[in-house]
Amino acid sequence: MHDQFLKLQLKFWELIYDENGQDLVEYGLIVTAIALAAIGGIQHFASAVATLFNNIDNSLS
């Protein structure tokens, strides 16, 4: 069990100091930022559409 923990810790430190996957992480962060912006925009759009339909419903009542 202790040996497995040491192997895991060694692999963790190798991943931290390895620069080979750095571009992939940067692309992941960019995709995450775009996704968060899109979610925020969709929520704002959905709120505006709901308000529009509520106004139409109130004017028809």
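Read-outs: derived from the displayed coordinates by stated rules, not from any lab. Small disclaimer: the values here were computed from a predicted structure and weren't measured. Cβ placement follows ideal geometry from the backbone for every residue including glycine, while neighbour counts extend to all protein chains displayed.
Restricting attention to segment 16-24, does a residue exist that is surrounded by fewer than 10 Cβ atoms within 10 Å (Cβ to Cβ), without any contact (Cβ under 8 Å) to a residue 24 or more places away in the chain, in a helix (DSSP H, G or I) and of a type in the set (Ser, Thr, Tyr)? Outline the logic, then answer.
Filtering segment 16-24 down to residues surrounded by fewer than 10 Cβ atoms within 10 Å (Cβ to Cβ) leaves 16-20, 22-24.
Subset that is without any contact (Cβ under 8 Å) to a residue 24 or more places away in the chain: 16-20, 22-24.
In the following step, the residues that additionally are in a helix (DSSP H, G or I) were identified as 16-17, 22-24.
Then drop every residue that is not of a type in the set (Ser, Thr, Tyr), which leaves 17.
Yes, segment 16-24 has at least one match.
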- Query: Does segment 25-40 contain any residue that is outside any helix (DSSP H, G or I) and either surrounded by 10 or more Cβ atoms within 10 Å (Cβ to Cβ) or touching a strand residue (DSSP E or B) at 6+ places or on another chain (Cβ under 9 Å) (or both)?
  - Reply: no
